[in-house]
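Remarks on the structure that follows.
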Amino acid sequence: MIKSALQIARAAYRPKLPKALRGAVKVSEGKATGSVADQEAIRKLFPNTYGMPLIRFVESDEAVNFPAVNVGVILSGGQAPGGHNVISGIFDGVKTLNKESKLYGFILGPGGLIGHNYMELTGDIIDEYRNTGGFDIIGSGRTKLETTAQFEKGYEILKKLNIKALVIIGGDDSNTNACVLAEYYAAKNYGIQVIGCPKTIDGDLKNEMIETSFGFDTACKVYSEVIGNIQRDCNSARKYWHFIKLMGRSASHIALECALQVQPNICIVSEEVEANDMSLDDVVTYIARAVANRAAEGNNFGTVLIPEGLVEFIPAMKRLIAELNDFLAHHTEEFSHIKKSHQREYIISKLSEENAEIYASLPESVARQLTLDRDPHGNVQVSLIETEKLLSEMVAKKLYEWKAAGKFTGKFSAQHHFFGYEGRCAAPSNYDADYCYSLGYTASLLIANGKTGYMSSVRNTTAPAEQWIAGGVPITMMMNMERRHGEMKPVIRKALVNLDVAPFGAFAAQRDAWALRTEYVYPGPIQYFGPTEVCDQPTKTLQLEQVKLKIEN
Ligand code: FBP
């Protein structure tokens, strides 16, 4: 296979490990834990994995002989830079503990476990993938591991391969399922440990003990590079407004982090839209006003960052989508007989007055997406909605009205972008390469120490890697009860953007100035070799959360 010069150089990179993990370690146990909410309900559902202590690995003078162990690994959900390093960290970890240990990868996500589709990951294979992006070593998938039948199917193959521990690398839902599986195998006394690793570019699997999910750092740096390039173009040509939608299924962490990196004219934060009960028209008016204000100074150009999940955070849109979901679920057949050209009118005639009015105000393409693209549960797939076009079309309409009323004298011409897949498989930044390798290595230590129902945790990551703190967090600690498909379920609480803490605060303090003036920052591409301030910087979100950074005016 032909490799690029960067791939070859990068293969030799040795990820940094926390100092405590570089030799023999021992377990230091913290206090017993409780779930973030609904303690009694969660305790009842997880009698074997609830209340376990926090774990920290500390240096030890005493080397312990560990027996060989067979471990399985699964990549679950969307790709995120660094997944291969988690796997190489697990591999090196279990081999260091005992070189007879083996690692098996289940192919294409949890479906590989259920379908008994696997491969042994040997040293040669692992070496091909060190410090590379993507999940292609074994592939990923979105099958949900949630039924007893699936757990039993999984057990069959784990038993056959003599696998004693399974590492599930995934987001909040996959780790919730990992915990349910850990509890099930513990209750059945199957002797199989289950460990989770926090993955998702969306950045919404984080809490007191999990500073960030891996992949967020690299993905945001890739998007920020490209947005920076667009901003240079925009500031050179001075004739376009660029509407840029950014991945992040529900939380706005990616958009916010990119905003902190590139200082765009506008960044919409879904959580704020919801908190302020803003309507779609409020969001459109906010953008149009910024366009008009810049135009008044002769600047008919700018950038707008839009989080992918926005429409679901606009309370009125949420209500419209809920009614549409419900209506179409019960009238699928009838709707399929309506001629395309009459569908819009038909829907309008069936909706409540409030929702009909909003639906009628939407551009044709968006109205169509809301009725056509549904997931297997019958819900609108919001990620397919072209929010960037929706907003720019509505802004254009508003500016047209303002022009007629003499309130806008500028020009408005829009370009649209959606950045998501471009960043999910990038070669991991040094931060993600080191963080992921440490997460994987830590997972191997949790396994060696007999833990189950834990998530691998590496903290203090704004400090140099040698000072990072490695350990494990009981997954039940992150759980609360939420309504899912009409039933109360134990789930890991998703971390949305907190409007009361530093990253949002830093953005909010600057955004008016960024909106009017042109204060773009151009981060440039990720650097893998060079001075540490260029190569090893964590995200601004993390630095601000850990009070390591003040954004200058
Ligand atoms: P995970 O939460 O599984 O990591 O995936 C996140 C994500 O990248 C979102 O940002 C995006 O909305 C979604 O996956 C896209 O999913 P798909 O890969 O199935 O198109």
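The values are calculated or read from the model by the stated rules, or taken from the named source; none is laboratory data. None of the values given here were measured: they were computed from a predicted structure. Methodologically, a virtual Cβ is constructed for each residue, glycine included, from the backbone with ideal geometry; neighbour enumeration extends over all protein chains shown. SASA here: full protein model, heavy atoms, side chains in, ligands and nucleic acids out. Shrake-Rupley method; radii C 1.70, N 1.55, O 1.52, S 1.80 Å.
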Per the rule of 0.36 nm per residue minus the C-alpha distance, extending ASP512 to ASN460 adds in nm 15.5 nm
Per residue convex hull volume, Cα only, region 1-138, in Å³ is 167 Å³
Stokes-Einstein D for region 176-256 (25 °C, 0.890 mPa s, Kirkwood Rh from Cα pairs), in µm²/s, comes to 157 µm²/s
ILE8 and GLU40 label points (each 7 Å along its Cα→Cβ direction) are spaced in nm at 6.6 nm
Inter-part gap, Cα centre of region 347-424 to Cα centre of region 1-77, in whole angstrom, is 44 Å
In whole µm²/s, the translational diffusion coefficient that Stokes-Einstein assigns to region 426-553, given a Kirkwood hydrodynamic radius over C-alpha pairs, 25 °C and 0.890 mPa s, equals 137 µm²/s
So the angle from the long Cα axis of helix 216-237 to the longest Cα principal axis of the chain, reported in degrees to the nearest 10, equals 30 degrees
Taking R0 as 51 Å and r as the Cβ-Cβ distance between SER361 and THR147, the FRET efficiency 1/(1 + (r/R0)^6), rounded to the nearest 0.05, comes to 0.75
Within region 78-122, the residues whose backbone N lies under 17 Å from a label point placed 7 Å from the Cα of LYS188 along the Cα-to-Cβ direction are 110-117
With a 1.4 angstrom probe the carbon and sulfur portion of accessible area for the chain, in percent, totals 50 percent
Computed over the Cα atoms of region 494-540, the Rg and Dmax in Å are 14.4, 36
A correct Karplus calculation of ³J(HN,Hα) over region 461-469, with 6.51 cos²θ - 1.76 cosθ + 1.60, θ = phi - 60°, whole Hz and x for Gly and Pro, returns 7, 8, 8, x, 3, 5, 9, 5, 10
The correct pair for region 70-165, radius of gyration to one decimal and Dmax as a whole number, both in Å and from Cα atoms, is 13.0, 36
Distance in nm between GLU120 and SER336 label points, each 7 Å along Cα→Cβ, equals 4.9 nm
The relative contact order of the chain, taking Cα pairs under 8 Å that sit 6 or more residues apart, comes to a percentage of 23 percent
For region 26-133, averaging the sequence separation of alpha carbon pairs under 8 Å that lie six or more residues apart and dividing by its residue count, the contact order in percent is 25 percent
Computed Rg/Rh for region 140-226 (Cα atoms; Rh = Kirkwood radius) stands at 1.08
Per region 104-253, sqrt(5λ) over the Cα gyration tensor eigenvalues, sorted largest first, in Å, gives 38, 18, 13
Cα extents of region 231-304 along the principal axes, largest first, in whole Å, come to 33, 24, 15
Spelling it out for GLU482: with amide H atoms placed in the peptide plane at 1.01 Å from N, the residues 5 or more places away or on another chain with amide H under 5 Å from its amide H are LYS489, VAL491
The computed P(r) of region 343-466 puts the percent of Cα pairs beyond 20 Å at 69 percent
In whole Å, largest first, the alpha carbons of the chain cover along the principal axes 80, 58, 48
The alpha-carbon center of region 239-281 and that of region 508-536 are separated, in whole Å, by 17 Å
Relative contact order in percent for region 386-505 (Cα pairs under 8 Å, 6+ apart) equals 13 percent
log10 I(q)/I(0) for region 267-392, Debye formula on C-alpha points only (no solvent), q = 0.18, 0.23 Å⁻¹, two decimals, reads -0.98, -1.43
Under the Karplus relation with 6.51, -1.76 and 1.60 and θ = phi - 60°, whole-Hz ³J(HN,Hα) for region 98-114, x at Gly and Pro, equal 6, 5, 7, 5, 10, 10, 10, x, 8, 7, 6, x, x, x, x, 5, 5
In whole Hz, the Karplus estimates of ³J(HN,Hα) for region 54-67 (6.51, -1.76, 1.60; θ = phi - 60°; x where Gly or Pro) are 5, 10, 10, 8, 10, 4, 9, 8, 9, 7, 9, 8, 9, x
For region 49-101, using Cα atoms only, the Rg and Dmax in Å read 14.4, 40
Between GLY30 and residues 5 or more places away or on another chain, the pairs with built amide H atoms under 5 Å apart involve LEU54, ILE55, ARG56
Residue span LYS239 to VAL547: 0.36 nm per residue of separation minus Cα-Cα distance leaves a gain in nm of 107.1 nm
Among the Cα-Cα pairs of region 324-412, the proportion with separation greater than 16 Å, in percent, is 61 percent
Amide H neighbours of TYR528 at under 5 Å, excluding residues fewer than 5 places away on the same chain, with H built from the backbone geometry, are none
Output for region 311-370 (equivalent-ellipsoid semi-axes, sqrt of 5λ from the C-alpha gyration tensor, Å, descending) is 18, 13, 10
